[in-house]
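The values are calculated or read from the model by the stated rules, or taken from the named source; none is laboratory data. Nothing here was measured: the structure is a model prediction, and the numbers come from that model. Virtual Cβ from ideal backbone geometry, glycine too; neighbours counted across all protein chains shown. Side chains are part of the model used for accessible areas, which takes the heavy atoms of the whole protein and leaves out ligands, DNA and RNA. Shrake-Rupley method; radii C 1.70, N 1.55, O 1.52, S 1.80 Å.
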Amino acid sequence: MDIKQLTGWKRTFVSGLCGLSAILFLIGLWEWIGSIPQIPLTQVLPPPSKFLPVLLENDFKIGLGSQSASIYQSVAVTLLRVLLGMVVAFTGSIICGLLISLSKWSELFILPILGLIAPIAPIAWVPLALVIFGVSNLTAVFIVFMGVFFTLTIATVAEIERIPENLLMTAKNLGGNDIRCWQMVIVPAVIPGVFTLLRLNFIAAWMAVLAAEMTGLRDGLGAVVMTGRNLFNSNLILLGICIIGITGFAIDLLLLWLQKKFFWWQV
């Protein structure tokens, strides 16, 4: 059976089934290796049956005493920071990219500056963010924003330049003025491509927030891993890592669904 020939829900079902089978196989292999006492690595990387019960033992809470927080709160805090930073960066990049494209002179002067800042890894902004905003949610939001805004702005300008001239000419021949052309042709043509790049940059933003939570912030999924490190608790560290991976994977699927749902006209 050729999966390329499948369409709609059949292709989604087969893809999901294959992915779930691969994950279950990996978990089973991990569990089997962890059951072999002769392998010393199992002390550092305990199998799922060892670290998953940590949630039940602590009533789904991580931390010590009054500083403890439920795992749901940790996931929610990290997600809020990432999504807020991505929404601000996405909206700002669209607006700035459109404004830059209004003049070729602005492209010549501004794009080199954006190209200089864009390659800077989001994690590199962590120390500066801590100095400016201190230990707060604004630190994480700022890191996400700086990590994706410049790349998305450059992508917005590039998407505008890729719009075929015949589309603009057709819109003008049908009576559309400059404002209507921007509203009905340029913006709809640009947003899907920029959103795709936003989804691809989500992983970098996700890692940047986790790094910020590990280095300065006191809550979130990154803080869960750091709590495990401070307590020399391998089970807690692995539990935090698995939750980070599952949550990030779920958000990527959500972004993919949003892309297909709301930007259906993208080719």
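Annotations
- Looking only at residues in region 1-38 that are assigned to a loop (DSSP other than H, G, I, E, B) and modelled with pLDDT of 70 or more, the one that is nearest to residue 249 (Cα to Cα) is 35.
- Matching residues, region 93-108, being over 30 Å from residue 243 (Cβ atoms), among the small types (Gly, Ala, Ser) and either in contact (Cβ under 8 Å) with a residue 24 or more places away in the chain or not in a helix (DSSP H, G or I) (or both): 97, 101, 103
- Residue match in region 192-204 (condition: of a type in the set (Gly, Ala, Ser) and touching a residue at least 60 places away in the same chain (Cβ under 8 Å)): yes
- Residue within region 40-61 that is farther than 24 Å from residue 206 by Cβ, in a helix (DSSP H, G or I), open to solvent by less than 60 Å² (accessible area, probe 1.4 Å) and at pLDDT 70 or above present: yes
- In the set 215, 170, only one residue is closer than 16 Å to residue 144 by Cα and more than 16 Å from the chain's Cα centre (by Cα); that residue is 215.
- Failed criterion for residue 91 (all others in (1) of a type outside the set (A, V, I, L, M); (2) under 24 Å from the mean Cα position of the chain (by Cα); (3) surrounded by 14 or more Cβ atoms within 10 Å (Cβ to Cβ); (4) closer than 16 Å to residue 155 by Cβ hold): (3)
- Taken together, the residues in region 72-83 that are surrounded by fewer than 19 Cβ atoms within 10 Å (Cβ to Cβ), of a type in the set (A, V, I, L, M, F, W, C) and over 11 Å from the mean Cα position of the chain (by Cα) amount to 3.
- Long-range neighbours under 7 Å by Cβ, at least six apart or interchain, first residue surrounded by 10 or more Cβ atoms within 10 Å (Cβ to Cβ) within region 14-33, second not hydroxyl-bearing (Ser, Thr, Tyr): 14/3; 14/6; 27/48; 30/47; 30/48; 31/47; 31/48; 33/39
- Hits in region 238-258 (condition: touching a residue at least 24 places away in the same chain (Cβ under 8 Å), over 14 Å from the mean Cα position of the chain (by Cα) and open to solvent by 20 Å² or more (accessible area, probe 1.4 Å)): 242, 243
- Residue within region 192-209 that is more than 28 Å from residue 76 (Cβ to Cβ) and in a helix (DSSP H, G or I) present: yes
- Helices (runs of 4 or more DSSP H) wholly inside region 109-183 that include at least 1 residues being out of contact with any strand residue (DSSP E or B) (no Cβ under 9 Å at 6 or more places or on another chain), open to solvent by less than 60 Å² (accessible area, probe 1.4 Å) and closer than 21 Å to residue 85 by Cβ: 126-133, 137-162
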